[in-house]
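FYI, it's all coordinate maths here, none of it is from the lab. Worth saying up front: this structure is predicted, and the values here are computed from it rather than measured. All Cβ positions, even for glycine, are placed from backbone atoms using ideal geometry, and neighbour counts span all protein chains on display.
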Amino acid sequence: MKFPIPSTRRRRWAAVLLAALALALRPSNALAHSGEPAAIAPALAWGFMGFGALVIVGVALVLFTGRQEASASGETFARLTGFSGYIGKMRLFSRNARLYMVHVVGMDVIYGTWAVLFNLYLLAIGFDIAFIGLRILVGAVASALASIPAGLISDRIGRKLSFILGDGMGALMSLIAISTTNEALLLVTAGIGGLFGALHGVAEPAFMAENSREYERVHLFSVSGGTRTAAAIIGSALAGLVPLIFSASGGGDVVGLYRMVAYFGIGGWFASLIPAVMLQQVAAPEADSASGSKGLFANIKNPGLIWRLTAPEVLIGLGAGFALPLMNVFFRAGVDSHEVEIGAVFAAGEAFLVVGSFLAPLLAARLGKVRSVVLTRSMAIPFILVLALSPDLGSETISVLSIAGLAYIGRITLQNMASPVRSAFAMELLDEKERGTQVGIQQAFAVAFSGLASFAGASLMDAGNFQLPFYLMAVCYAVAVVLFWRFFGGARQEMAARAAVS
């Protein structure tokens, strides 16, 4: 397969930006921090938080002010080009799509805070990395067991009620988890949170597919992904800044500070239920009784297509599980980073992902959906290997934190920027009656294998091995990319896949 090579000017600018970030993250001591964060880290955290806020405000102004277009034909949509055209396309989003973006902004602040702090909270109250892995496994098993039923339930009760139930219970379980030190309660909240989290997870892509036309679907998925990631930037930056600010002023113990930040994010999660309630319910698709099939999987019309869409994502989930749920542990125990540095690195990764998400429709328009997914995911694999090697690559010139931070930013941006494109591609191929079911099947297997991998990765890290989880992750990603290209690469395969649902 052939992909266009970026221009020399673009490569030069990318190199300059990455070099500047590397210098910014370089602490005074190249290999260790001795409890003191890099001086530039708070400024970076504030800067990225401001960037996230600007993105959210900008998107809100476009979606909720000015002239709002009701609809447009595919030909009219395609003629909207450049920056003004991009804005014009956003103004075509339906009322439900706009309310949904408000909903996910409210709920994804907690994603940023949780990703930085919750595992550190568990370490601070006396648990080891192995227990963190066990808790992740419990949540994953619960989510996996619930995912297929959740997909079927979502197809029947509709996406609106799925969001309200899934997010309401998820927020409640998170509130209990961050407020307790009881081992059993921490495991129970993980299980219940996984059960209800599955309901939101399977409903989301189907909801956006049902509230958009095929030609605007990639645009909607990408803008939604970029906006919600901007909310996560705010959460990540706050998660690092609040402990730094209060510890510097001598106020609050570390556990209390972790809880303070988490309560803020959970408050946003509860507030996100307001726009969810305001959504207009789209009629749930009915199962095709004419097919004569009955039972749990009566909605499925294209089992072969569902298998081809699911298998690569299960491998992605397996690979991600070895390390991604433990990235804050890796940065704390493997790289010896301060909370504000972890928050700054996570916020930086999310900031680059915001840009990548907004650019994803342009990449998909130029390369096609399948090629853009394969290209970006392939380019992410070297960054995973750099993460594995980062503890051995630090020097007086560039620190371990800088190398690991840059590798983390490259991986999260390239791996995830095409995720909205891949989701839109899958929803286009599937019959509307089987969308939730397919996502449920995919999530069940991906989450189950991811949980098992997380338990294995946590055990390795608890024993001091911070490299093998990343190597295993890279192998799984590589196999997933090859499978996705084999199943859908080229016009012939894509046309055949479309014919399967025509």
Any idea which of G349, A311, G321 is furthest toward the positive side of the dipole for the range 306-378, if Lys and Arg beta-carbons carry +1 and Asp and Glu beta-carbons -1? A311
Extension reserve of the F64-K301 stretch, reckoned as 0.36 nm per residue once the Cα distance is removed: 81.5 nm
Which value, in debye to the nearest 20, gives the size of the charge dipole of the range 325-480 about its Cα centre, when Lys and Arg are +1 and Asp and Glu are -1 at the Cβ? 580
Provide the gained length on full extension for the span I87 to E214, in nm with one decimal, where the gain is 0.36 nm per separating residue minus the Cα-Cα distance. 43.9 nm
If the label point sits 7 Å along Cα→Cβ of I157, residues of the range 177-195 with amide N under 16 Å come out as 192-195
Under a point spin-label approximation (7 Å from Cα along Cα-to-Cβ), what is the A463-M278 distance to one decimal in nm? 5.3
Inter-label distance, nm, simple model (7 Å from Cα along the C-beta direction), R79/L362: 2.2
